[in-house]
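Visitor: Below is a structure I'd like to ask you about.
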Amino acid sequence: MTPTLNDLRTDALREIGNIGLGGAVTALSDLTGVLFTLEAPQVLQMDASTLPQICCVSPESLVVGTVSRVNGDWPGEGAFLFPWQSACVLWQILVQMQPSGLEELNELYQSVINEVSNIMLGNYLQAISQMTGFTLHMEPPAFAADMAMAVLSSILVEALYGQRELLAIETAFKTPAHEFKGYFLYLPETGNLEKLFGVLGI
Amino acid sequence: MATVKLAGMGEIVWARGAGVLGCIGLGSCVGTLLFDPRTQMAALAHVMLPEAHDQDSFTTPGKYATTALPALLRVMEVPPALASRLKAILIGGGELFQNRSQTLRIGERNVELLHQLLRELRIGVVFEHVRGTSGRSFEFDVATGWIKVRTVGASAVATDLAAALGIQRRAA
């Protein structure tokens, strides 16, 4: 049974997104030496079949994405999505080179994105765990580079499996220094939401 | 150029005699298209998951393999007993995330189950572009029987299915 989300609960989820990704983006800034800013998080509900307006990239454009399983007191999936040009900015900063196209996307480039995802998700979970006292563990990320819509729907469909509906907390982050925009999604198992709201006392 | 009717996740679209049906950005989802040579009608479901876990299969039957095929037959007004005259096209069912630790293999299971259900209905699959590791978009022209499949980093591949589907093109 999925609890209904009133305004207070939506606000709480948004605030958790903010605090969590605040920590994650600080870690990314430390790693790259570039200052990143957050956009206000959105809480999106996906019911039977409607894919929410998520991650404003055109459906067939090339994106790079990761998804990591999170276990513990607030289980779900954490996913990052970078438009190709934004991934190139990360590669350029972190390894001083970039692939000219999909065919040059080797293991080195993949591991850079996986490592960025690991560090950011780790800090996101740490921030949430400090606030709630939850124990949270993440598994290593899985990587994909393909059409935006295909990557996104593969993430969402798997998270939706076995659930009545899907909740997505989306946060976008960018930097004025580069043509860069990244998206983070946390897709909690909806059956476990009450636990979170209980800890927050709402 | 005919208007393109795109099936979003879980949706069903159809056209008779003319029109273009398609899906954008299929990952593990499978675009499942049935064609009726007798009525020249095509119907397409954007299947997301193998089987239903809850009641919403009544409101969005196109979402699940198990409910999508009966729903397509209803739209096409073909009783299951006569379904063997239909032809099927399957696009999608890829696994984009290769090293996903707790992988549910949803793409593979979608394709497997759709094959099984189509076999039970004695519907032949005339064309498929499934499995593998890439996302796909496609468009199917109901009047001409041409299908165009797009993947990232490659040019679109067009295939003429008119003969396989029993489409008689009018002489130009």
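The values are calculated or read from the model by the stated rules, or taken from the named source; none is laboratory data. Every value quoted in this text rests on a predicted model; they were computed, and no experiment measured them. Heads up, the Cβs are rebuilt from the backbone with ideal geometry, glycines too, and the neighbour counts pull from every protein chain shown.
Visitor: Scan A:Leu125, A:Leu152 and give me the residue that is modelled with pLDDT of 90 or more and touching a His at 6+ places or on another chain (Cβ under 9 Å). Quick ask: steps written out before the conclusion?
Guide: Values: A:Leu152 fails: touching a His at 6+ places or on another chain (Cβ under 9 Å).
Of the residues listed, the single one that is modelled with pLDDT of 90 or more and touching a His at 6+ places or on another chain (Cβ under 9 Å) is A:Leu125.
Visitor: Could you please find all residues in the stretch A:69-90 being within 17 Å of A:Ile155 (Cα to Cα) and crowded, with 19+ Cβ neighbours inside 10 Å?
Guide: Matches in the stretch A:69-90: A:Arg69, A:Val70, A:Gly76, A:Glu77, A:Gly78, A:Ala79, A:Phe80, A:Leu81, A:Phe82, A:Pro83.
Visitor: In the stretch A:150-173, which residue that is among the polar types (S, T, N, Q) and more than 13 Å from the chain's Cα centre (by Cα) is surrounded by the fewest Cβ atoms within 10 Å (Cβ to Cβ)? Before you say what the answer is, go through the steps one by one.
Guide: Start the filter on the stretch A:150-173 by keeping residues that are among the polar types (S, T, N, Q), which leaves A:153-154, A:163, A:171.
Among the residues that remain, those that are also more than 13 Å from the chain's Cα centre (by Cα) are: A:153-154, A:163.
Values: A:Ser153: 27, A:Ser154: 29, A:Gln163: 17.
Filtering first and then ranking leaves A:Gln163.
Visitor: Further question: Checking the condition part of a helix (DSSP H, G or I) and under 29 Å from B:Tyr64 (Cβ atoms), which residue from A:Leu167, A:Leu185, A:Leu156 passes?
Guide: A:Leu156
Visitor: So, one more: For A:Pro176, indicate whether it is within 12 Å of another protein chain (Cβ to nearest Cβ) and loosely packed, with under 15 Cβ neighbours inside 10 Å. Spell out how you get there, then give the answer.
Guide: On the way: within 12 Å of another protein chain (Cβ to nearest Cβ): no; loosely packed, with under 15 Cβ neighbours inside 10 Å: yes.
It is false that A:Pro176 is within 12 Å of another protein chain (Cβ to nearest Cβ) and loosely packed, with under 15 Cβ neighbours inside 10 Å.
Visitor: Same structure again: If you check B:Gly145 against the conditions, is it more than 12 Å from chain A (Cβ to nearest Cβ) and either touching a Lys or Arg at 6+ places or on another chain (Cβ under 9 Å) or farther than 18 Å from B:Ala7 by Cα (or both)?
Guide: Here the answer is yes, as B:Gly145 does meet what is asked.
Visitor: Shifting gears a bit: It is to be established whether one or more residues within the stretch A:118-135 are at the interface with chain B (Cβ under 8 Å from one of its Cβ atoms), outside any strand (DSSP E or B) and surrounded by fewer than 24 Cβ atoms within 10 Å (Cβ to Cβ). Please lay out each step first, then the result.
Guide: Applying the first criterion (at the interface with chain B (Cβ under 8 Å from one of its Cβ atoms)) to the stretch A:118-135 yields none.
Within the stretch A:118-135, not a single residue is at the interface with chain B (Cβ under 8 Å from one of its Cβ atoms), outside any strand (DSSP E or B) and surrounded by fewer than 24 Cβ atoms within 10 Å (Cβ to Cβ).
Conditions (1) surrounded by fewer than 19 Cβ atoms within 10 Å (Cβ to Cβ); (2) over 17 Å from the mean Cα position of the chain (by Cα), marked per residue:
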residue	(1), (2)
B:His129	no, no
B:Arg136	no, no
B:Phe140	no, no
B:Trp146	yes, no
B:Leu161	no, no
B:Gly166	yes, yes
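Visitor: Moving to a separate point now. Test A:Glu139 against the stated conditions and say whether it is at the interface with another protein chain (Cβ under 9 Å from one of its Cβ atoms), over 19 Å from A:Ser29 (Cβ atoms) and at pLDDT below 90. Give the derivation first.
Guide: Values: at the interface with another protein chain (Cβ under 9 Å from one of its Cβ atoms): yes; over 19 Å from A:Ser29 (Cβ atoms): yes; at pLDDT below 90: no.
Considered against the rule, which asks whether it is at the interface with another protein chain (Cβ under 9 Å from one of its Cβ atoms), over 19 Å from A:Ser29 (Cβ atoms) and at pLDDT below 90, A:Glu139 comes out as no.
Visitor: Hey, among A:Thr66, A:Thr26, A:Thr32, which residue is of a type in the set (Ser, Thr, Tyr) and crowded, with 21+ Cβ neighbours inside 10 Å?
Guide: Exactly one of A:Thr66, A:Thr26, A:Thr32 is of a type in the set (Ser, Thr, Tyr) and crowded, with 21+ Cβ neighbours inside 10 Å, namely A:Thr66.
Visitor: Right, something else. Can you pull out every residue in the stretch B:1-40 that is within 24 Å of B:Arg119 (Cβ to Cβ), touching a residue at least 60 places away in the same chain (Cβ under 8 Å) and not in a loop (DSSP other than H, G, I, E, B)? Give the derivation first.
Guide: As a first pass, look at the stretch B:1-40 and keep what is within 24 Å of B:Arg119 (Cβ to Cβ): B:7, B:10, B:12, B:14, B:21, B:23, B:26, B:28-39.
Still in the list and also touching a residue at least 60 places away in the same chain (Cβ under 8 Å): B:12, B:14, B:21, B:23, B:26, B:28-35, B:37.
Once the filter is applied, which keeps residues that are within 24 Å of B:Arg119 (Cβ to Cβ), touching a residue at least 60 places away in the same chain (Cβ under 8 Å) and not in a loop (DSSP other than H, G, I, E, B), the stretch B:1-40 yields B:Ile12, B:Trp14, B:Leu21, B:Cys23, B:Leu26, B:Val30, B:Gly31, B:Thr32, B:Leu33, B:Leu34, B:Phe35.
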